[in-house]
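The values are calculated or read from the model by the stated rules, or taken from the named source; none is laboratory data. The shown structure was predicted, so the numbers you read here are calculated from the model rather than taken from an experiment. Methodologically, a virtual Cβ is constructed for each residue, glycine included, from the backbone with ideal geometry; neighbour enumeration extends over all protein chains shown.
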Amino acid sequence: MLSLGACIPNKKLVYFPNPEFNTQVPTTVYNSRQTYKLQPRDVLSVRIKTLDEDTEKYFNIQPNNGFQQLDPAGLFINGYSVNSRGTITLPEVGEIQVSGYTLEEAEAIIRDAISSYITNATILVKLVSFKVTVLGEVNSPGYYYVFNEQANVLEVLGLAGDLTDFGNRENITLIRQTKNGNDAILLNLKDPKLLASNFYFLQPNDVLYVQPLQAKQARGNLNTLTILGVLFGAISSTILVLNYLND
């Protein structure tokens, strides 16, 4: 009975089962992705490109090959941290309010602020603190930096090596930081409606926790009974051998 309980039906391992999906015509799933707005503790990479090399070096705190340096620690050190007031501080320009704005809006604000000092400058703004944490029944739990502004649940679970066979695909807890605290919601990978959900695309500092199936506990009980069975079998065999020798 324990062996049967520890078995996991194949249908529990399938993502997004939908009879409308077919091999002939693609099924369109509409999703209006929510645009992320910058918050305190975000880290931005701000690159200012001009024809004047000396001016460019003065305003850029990171080296020219900064975008080629994908080490998260290097990106953090050479980036601009959004402080508790929601601002970053650029050389000569001073504090610039970026919290509450999208990356595109922040880029335009920085361009306007620096136009008084540099003309015809190209401003490149990237979010380098897009980090997500994946815990629970995945093959490689941990935190991952995402260099993609449209990272979705499947992409991030792929970074974590996908779910194990004991991962509950119907109960994945998503914890998201908000200005009022933390929001938590359950995601169901077996529900095709998730593709159209506001929570299909992840945001910086999101946490995914994959809950285990009950079959994992049954498998653990089975392993325990197996070990005990082997142990008692060995003890019984030893007693029989001793009795035989004594006779």
> With respect to Val125, is the statement that it is of a type in the set (A, V, I, L, M), at pLDDT 95 or above and closer than 29 Å to Leu202 by Cα true?
Replying inline: no
> Given the conditions (1) without any contact (Cβ under 8 Å) to a residue 40 or more places away in the chain; (2) more than 14 Å from Val43 (Cα to Cα); (3) not hydroxyl-bearing (Ser, Thr, Tyr), which single one is not true for Val138?
Replying inline: (1)
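Residues to consider are Gly161, Gly181, Gly100, Gly136; find the one that is closer than 30 Å to Phe59 by Cα and of a type outside the set (S, T, N, Q). Reasoning before the result, please.
Working: Gly161 fails: closer than 30 Å to Phe59 by Cα; Gly181 fails: closer than 30 Å to Phe59 by Cα; Gly136 fails: closer than 30 Å to Phe59 by Cα.
One residue alone meets the criteria, Gly100.
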>> I'd like the full set of residues that are without any contact (Cβ under 8 Å) to a residue 40 or more places away in the chain and touching a helix residue (DSSP H, G or I) at 6+ places or on another chain (Cβ under 8 Å), limited to segment 141-157.
In response: Tyr144, Asn148
> Conditions: (1) modelled with pLDDT of 70 or more; (2) surrounded by 11 or more Cβ atoms within 10 Å (Cβ to Cβ). Gly66 meets all but one. Number of the miss?
Replying inline: (1)
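Of all residues in segment 27-52 being more than 26 Å from the chain's Cα centre (by Cα) and modelled with pLDDT of 80 or more, which is surrounded by the fewest Cβ atoms within 10 Å (Cβ to Cβ)?
Step one: list which residues in segment 27-52 are more than 26 Å from the chain's Cα centre (by Cα), which gives 27, 48-52.
Add one more test, that the residue is modelled with pLDDT of 80 or more, and what stays is 48-52.
Working: Ile48: 22, Lys49: 14, Thr50: 18, Leu51: 9, Asp52: 12.
Only one residue fits best here, namely Leu51.
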> Of the conditions (1) over 24 Å from the mean Cα position of the chain (by Cα); (2) surrounded by 15 or more Cβ atoms within 10 Å (Cβ to Cβ); (3) in contact (Cβ under 8 Å) with a residue 60 or more places away in the chain, Thr122 fails just one. Which one is it?
Replying inline: (2)
> Taking Val98, is it at pLDDT 95 or above and under 24 Å from the mean Cα position of the chain (by Cα)?
Replying inline: yes
>> Taking the condition of being surrounded by fewer than 15 Cβ atoms within 10 Å (Cβ to Cβ) and assigned to a helix (DSSP H, G or I), how many residues in segment 99-119 meet it?
In response: 3
>> Taking the conditions exactly as written (surrounded by 13 or more Cβ atoms within 10 Å (Cβ to Cβ) and farther than 19 Å from Phe16 by Cα), does Val210 satisfy them or not?
In response: no
